[in-house]
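Each remark here refers to the structure printed beneath this line.
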Amino acid sequence: MPETMVIKAGHGLPYSKGLMAQSLTASGIAPERAYQLARAVEDLLPGGDVEVAALELIAAEVLREHEGDEAVRRFEGWQRFDRLELPPIILLSGAPGVGKSTLASMLASRLGIHRVIATDAIRHVIRAFFSPDFMPFVHVSSFEAARALDPDEAEGADPDIAGFTRQAQNVRTGVMAIVDRACEEGTPMVVEGVHLIPGLINGELRGRCLPVQAVVAVSDEELHRSHFSMRGGERPADRYLARFEQIRKLQAHLVSRAEARGVPVIDNANIDTAVAQAVQLVLDSIADADS
């Protein structure tokens, strides 16, 4: 079979089953199935040169025949993602142990995004520059932030939530600096972390990027608890399980804030289902931005 060159803006590259499979995977097709469909697309290519738009039409017809109209709709949404003028900035919040880091990495891979930032890494950088006396809240974990409160500082509020909120406000400056840079560069990015409290960050991003926010949760308490048992190395389970009540309290707070502000909540009972929901959330946000 003669090699097909895919032409875009006057430049050509050989057709790649791997790249086509990535596009199909981003639109919700399982990886193995996506590669099979990418081969089916290749079988329909005429050889010689083909414009990107014509290739996308062929791919859409293969999807329609083998996967149905819904798969075509998701694929077309992915094509819009690839042509966005403003960079998507995806914000995934969630309490410790809900699987948001894994979800963020899998989502970024599915969408072809190469920059994933954890807010806890930002907190570690901030605390390297500021002493505990000057900024005490960044020197404790999110579920232990009440320890940094002065006795009268909670002002009648739940000290666990008050301390956590103060920490999130401290971390916000670093988060915004990284997000601002991504907006200036036009670089898509996934940011994940407990500190992304709905309503704290994304309101001022409109017009500079395409912000997409969700809260990741695990409603099943025993399943959430079991996530910590899978951790090892420098994050032993006992430390988290000893403060599990506080962690569940942070989750309830984040979910409540999300529901009050219309931010979607993804229940991570199954990681594959959660990734599919997150991908669909991104594609729906793109469709809304185009309408």
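Assorted remarks:
- Hits in segment 46-98 - residues which are more than 23 Å from Ile117 (Cβ to Cβ) and β-branched (Val, Ile, Thr): Val50, Val52, Ile58, Val62, Val72
- Residues being of a type outside the set (A, V, I, L, M) and part of a loop (DSSP other than H, G, I, E, B) are entirely absent from segment 33-42.
- Matching residues in segment 13-27 - criterion: being assigned to a loop (DSSP other than H, G, I, E, B) and within 18 Å of Glu51 (Cα to Cα): Tyr15, Ser16
- If you go through segment 184-197 and keep only what is closer than 26 Å to Glu85 by Cα, buried (at least 18 other Cβ atoms within 10 Å of the Cβ) and either modelled with pLDDT under 95 or among the aliphatic types (A, V, I, L, M) (or both), you end up with Pro188, Met189, Val190, Val191, Leu196.
- In segment 272-286, the residues that are crowded, with 17+ Cβ neighbours inside 10 Å reach residues that are polar (S, T, N, Q) with C-beta atoms within less than 7 angstrom, at least six apart or across chains, in these pairs: Ala274/Asn268.
- Residue tally, condition more than 19 Å from Lys249 (Cα to Cα) and at pLDDT 90 or above, over segment 139-160: 1
- Filtering segment 242-267 to residues that are within 10 Å of Ala217 (Cα to Cα), among the basic types (Lys, Arg) and not in a helix (DSSP H, G or I) leaves nothing.
- Members of segment 47-70 that are among the charged types (D, E, K, R) and part of a loop (DSSP other than H, G, I, E, B): Glu67
- Residue within segment 133-153 that is surrounded by 18 or more Cβ atoms within 10 Å (Cβ to Cβ), of a type in the set (S, T, N, Q), within 26 Å of Ile89 (Cβ to Cβ) and touching a strand residue (DSSP E or B) at 6+ places or on another chain (Cβ under 6 Å) present: no
The values are calculated or read from the model by the stated rules, or taken from the named source; none is laboratory data. Note that the structure is predicted; figures quoted are calculated from it, not measured. Backbone-built Cβ (ideal geometry, glycine too); neighbour counts: all protein chains shown.
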